[in-house]
Amino acid sequence: DQQVKQNSPSLSVQEGRISILNCDYTNSMFDYFLWYKKYPAEGPTFLISISSIKDKNEDGRFTVFLNKSAKHLSLHIVPSQPGDSAVYFCAASALVGGGADGLTFGKGTHLIIQP
Amino acid sequence: DTAVSQTPKYLVTQMGNDKSIKCEQNLGHDTMYWYKQDSKKFLKIMFSYNNKELIINETVPNRFSPKSPDKAHLNLHINSLELGDSAVYFCASRTGLPRLTGELFFGEGSRLTVL
């Protein structure tokens, strides 16, 4: 039961253009969303997050958009750079009984920036 | 001065053996996790500890036993290894409860291969 879905296993974008990575979720209890970036043989590193009370959060070249009614979020990277080539994981958080929680991850999208 | 460090990074072993993966974080965080990334690339939470106390235990076989000697360490011991245990195991940490509103810091991962 995939609660967080990234339907594009890979995405190829030319350097300098915009990269758009998409993520859908099914659990309406999710109220905090994060994007992580992962290089080969390394652990995921935090990129950007958004709370469900917002619909947009921007940090430099990275912007995350949240559409709660559609249960959809997207990560925009502009302009795309070669160092952005990595696997991007969408993750979501919901309060679980007891006051503690973890993250539910999607399968990831491999972004390839073409020179 | 790695923030979250795991050892070993690679582990190859035979079915039926018992093995451990160690994790240490020097961030002063209160909560630590073990995640498993299987062959389908899903990152799934296995355990969560807060101040040495087990908080989350997802549907993980009893052969997996986490141990937290102090809040900076969360080790994973696996008994009677099976082929399906082959995966990359990630340790992560964050600041304490109540609930996750910030990022997780991940280790580099430990790739376990069971032959």
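Only the coordinates and a few stated rules stand behind these numbers; no lab work does. Quantities reported herein were computed from a predicted structural model and do not represent experimental measurements. Note that we place each Cβ from the backbone using ideal geometry, even for glycine, and neighbour counts take in every protein chain shown.
3J(HN,Hα) along segment B:109-115, derived from phi through the Karplus expression 6.51 cos²θ - 1.76 cosθ + 1.60 where θ = phi - 60°, amounts to x, 10, 8, 9, 10, 9, 9 Hz, with x in place of Gly and Pro. Inter-chain neighbour count for A:46-52: the average number of beta-carbon atoms from partner chains within 10 Å of each residue's beta-carbon is 2.
Between amide H atoms placed 1.01 Å from N, distances below 5 Å from A:R17 occur with A:S80, all of them 5 or more places distant or on a separate chain. Once Rg and the Kirkwood radius are both taken over the C-alpha atoms of the protein assembly as shown, their ratio Rg/Rh works out to 0.97.
Springs between Cα atoms under 10 Å define the GNM used for chain B, and in it the highest mean-square fluctuation of B:K41, B:K22, B:K52 occurs at B:K41. Between A:L66, A:L47, A:L21, the residue with the greatest mean-square fluctuation in the GNM of chain A (Cα pairs under 10 Å linked by springs) is A:L47. Within segment B:32-115, which GluC sites (Glu not before Pro) sit in a loop by DSSP and count at most 16 neighbouring Cβ atoms inside 10 Å? Hits after loop and neighbour filter: B:E58, B:E82. Here each label is just a point 7 Å from Cα along the line to Cβ, and for B:D38 and B:L83 those points are 1.5 nm apart. Placing +1 on each Lys and Arg Cβ and -1 on each Asp and Glu Cβ, with no other charges, gives segment A:4-114 a dipole about its Cα centre of roughly 180 debye.
With a 10 Å cut-off between alpha carbons and a GNM built on chain A, which of A:I20, A:I53, A:I77 moves the most? The residue that fluctuates most here is A:I53.
Relative contact order, whole percent, for chain B stands at 37, derived from Cα pairs under 8 Å and 6 or more residues apart. Would you mind estimating how fast chain A diffuses translationally, via Stokes-Einstein at 25 °C and 0.890 mPa s with the Kirkwood radius over Cα pairs, in µm²/s? Answer, rounded: 172 µm²/s.
For peptide B:29-36, compute the average count of partner chain beta-carbon atoms within 10 Å of each residue's beta-carbon. Please report the intermediate quantities before stating the final value.
On the way: counts 0, 0, 3, 0, 2, 1, 5, 0.
Shielding by partners across B:29-36 averages 1.
Across segment B:64-77, rounded Karplus estimates of 3J(HN,Hα) from the backbone phi angles (6.51 cos²θ - 1.76 cosθ + 1.60, θ = phi - 60°) give 9, 10, x, 9, 10, x, 7, 6, 8, 10, 9, 9, 10, 10 Hz, Gly and Pro being marked x.
Beta bridges per DSSP, both residues in segment B:4-114: antiparallel share near 90 percent. Bridgeable lysines around A:K37 (alpha carbons under 25 Å apart, same-chain partners fewer than 8 residues away excluded): A:K5, A:K54, A:K56, A:K68, A:K71, A:K107, B:K9, B:K22, B:K36, B:K40, B:K41, B:K44.
Can you pull the mean other chain C-beta count within 10 Å for peptide A:105-114?
Mean number of neighbouring Cβ atoms from other chains: 2.
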